[in-house]
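First comes the structure, then the notes that go with it.
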Amino acid sequence: MKLLVCGGAGFIGSNYVRYVLNERADDSVVVLDKLTYAGNRANLADVSEDPLFEFVMGDIADATLVRDLMREVDAVVNFAAETHVDRSILFPEEFIRTDVVGTFTLLEAVRDLGVPRYLQISTDEVYGYILEGKFTEESPLDPSSPYSASKAGGDLLVLAYYRTFGVPALVTRSSNNYGPYQYPEKLIPLFITNALDDLPLPVYGDGRQVRDWLHVLDNCAAIDIVLREGAEGTVYNVGGNCELENIGVTRAILAEMGKPENLIEYVDDRPGHDIRYALEIDRIRELGWEPSTDFTEGLKDTIRWYIENEDWWRPLKDRAFREYYEKQYGER
Ligand code: NAD
Ligand code: DAU
């Protein structure tokens, strides 16, 4: 298969590109990525010389470019998005442009050119939060933030293009990923890299919010199975079966790193903060997938990766990143 992987220079996308090139000897991959602050050629450095890999810098909202790139592909996997909830609260516009209009642009090209397969990488955040029980794929969408609302817009457009135009599309909605190459603005890599520098770990509110943690390589395996074996027009939840309170994750990071708990700093809560996410994953289990990484082991490996790859993350905590955090938390 020839795959067009949009957003393949980000965290999950780059892990997926590596996964495909390692696991699928007959596949080739073209990455289309705008290289926003979150996109990074360094994420793909180890595959950049592979003859089955090509990189194109560009925007999924550029209709001419995406049509050009789709002419000979067998499948499109769309990871491209603005992804950070806190940024969506400060700067929502880019989320609408990429997550909604960008997705629409891809779908129009898929429809016109008759691309045989389209997989949209969506998120469990489209369901909003749930205090008890778990979301199934039939649960209503009730997003809380500009990020999750824009992702819900893209997700619903995909399903509408399947129903109205017969576009051969599928959707995955996964829970919180962690692992190597995650931009150090998200909880786990932010807290690991802050702890390495003995900086405070800013826990929002009381830290009792619950997230379901999924190792990125487990998600890559899930995405690959859905892409190849999933039923068109179908949504697949992808969860890690690993619900933890944020404060528990924070303490686990500090304990593993041998750092003191007085680095924990309780700060103002995130506006509209979702209390708990939890996913029913029976549907994807029927395709033979199961999350397989134990969180304690996965976290240990992730911490080790950030310790060994300071050259990767240190430049990302540079001026632009500080500007953003200063805007949010004030100067430190
Ligand atoms: P990320 O922020 O690390 O990467 C996003 C990538 O998209 C970057 O490489 C960026 O340059 C690229 N991009 C952004 N706008 C673009 C545009 N207009 N055109 C082309 N490329 C563009 O994100 P991630 O954490 O890897 O998430 C990937 C996808 O998975 C997203 O769609 C996200 O909503 C979804 N998701 C993420 C998680 C998670 O925990 N990280 C969980 C569930 C779903
Ligand atoms: O659930 C899937 C989603 O997970 C993805 O769709 C998003 O792209 C991804 O960013 C992630 O969203 P969250 O908002 O859950 O992730 P984040 O890492 O920003 O925060 C995780 C939890 O930790 C959340 O409850 C907020 C809290 N938090 C986060 C940060 C960055 C803190 O307490 N302090 C922080 O500094």
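The values are calculated or read from the model by the stated rules, or taken from the named source; none is laboratory data. This structure is a prediction, so every number in the text was calculated from the model and none was measured. As a convention, Cβ positions derive from the backbone with ideal geometry for all residues, glycine included, and neighbour counts pool all protein chains shown. Each accessible area value is taken on the protein alone, full model and side chains, heavy atoms only, with ligands, DNA and RNA left out. Shrake-Rupley method; radii C 1.70, N 1.55, O 1.52, S 1.80 Å.
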Seminar exercise, completed: Treating every alpha carbon of segment 138-203 as one equal point scatterer without solvent, the Debye formula yields log10 I(q)/I(0) values at q = 0.15, 0.18 Å⁻¹ of -0.69, -0.82
Problem set entry | Label-to-label distance, nm, for residues given as Leu90 and Glu261 (7 Å Cα→Cβ offset) | 3.0 nm
Exercise. Under 20 Å from the 7 Å Cα→Cβ point of Arg41, by amide nitrogen: which residues of segment 5-19?
Worked result: 5-18
Exercise. When the dipole is taken about the Cα centre of segment 114-214, and only Lys, Arg (+1) and Asp, Glu (-1) are charged at their Cβ, what size is it in debye, to the nearest 20?
Worked result: 380 debye
For this session: Only Lys, Arg, Asp and Glu count, each charged at its Cβ (+1, +1, -1, -1), so figure out the dipole size of the chain about its Cα centre, rounded to 20 debye.
Result: 340 debye
Exercise. So between Asp62 and Tyr204, what do we pick up on full extension, going 0.36 nm a residue minus the alpha carbon distance?
Worked result: 47.4 nm
Problem set entry | FRET efficiency, Asn241 to Phe165 (Cβ-Cβ, R0 41 Å, nearest 0.05) | 0.70
Problem set entry | Measure of compaction for segment 1-121 (Cα Rg per 2.2 N^0.38 Å) | 1.01
For this session: Please work out whether segment 248-293 counts as rounded, prolate or oblate from its C-alpha gyration tensor, where a ≥ b ≥ c are the square roots of the eigenvalues and a/c under 1.5 means rounded, while otherwise a/b larger than b/c means prolate and anything else oblate?
Result: oblate
Problem set entry | For segment 61-209, convex hull of alpha carbons as volume per residue, Å³ | 136 Å³
Problem set entry | Shape box of segment 34-104 [Cα atoms, principal axes, largest first, Å] | 41, 27, 16
Seminar exercise, completed: Fraction of alpha-carbon pairs in the chain farther than 28 Å apart, rounded to whole percent, equals 38 percent
For this session: Return the tail of the calculated pair distribution for segment 9-68, meaning the percent of Cα-Cα pairs more than 16 Å apart.
Result: 43 percent
Problem set entry | Separation of the Glu132 and Glu72 label points, Cα + 7 Å toward Cβ, nm | 5.8 nm
Exercise. Given Trp313, Leu244, Ser150, which one lies farthest toward the positive end of the charge dipole of the chain, if we put +1 on the Cβ of every Lys and Arg and -1 on the Cβ of every Asp and Glu?
Worked result: Ser150
Problem set entry | Simple Cβ-charge dipole of segment 1-142, Lys/Arg +1 and Asp/Glu -1, about Cα centre, in debye nearest 20 | 220 debye
Problem set entry | Rg/Rg_globular for segment 196-275, with Rg_globular taken as 2.2 N^0.38 Å and Rg from C-alpha atoms | 1.45
Problem set entry | Positive-end residue, segment 80-181 charge dipole about Cα centroid, Cβ charges, pick of Asn176, Leu113, Phe91 | Leu113
Problem set entry | Fraction of accessible area attributable to carbon and sulfur, segment 181-262 (%, probe 1.4 Å) | 47 percent
Problem set entry | Accessible surface of segment 1-120, 1.4 Å probe, proportion on carbon and sulfur as whole % | 50 percent
Exercise. Toward the positive end of the charge dipole of the chain, about the Cα centre and with charges on Cβ (Lys, Arg +1; Asp, Glu -1), which of Val210, Val167, Leu263 goes farthest?
Worked result: Val167
Exercise. Between Rg and the Kirkwood Rh of segment 165-318, both from Cα atoms, what is the Rg to Rh ratio?
Worked result: 1.02
Exercise. Antiparallel as a % of all DSSP beta bridges within the chain, to the nearest 5?
Worked result: 10 percent
Problem set entry | Solvent exposure of the chain as accessible area per residue, Å², 1.4 Å probe | 42 Å²
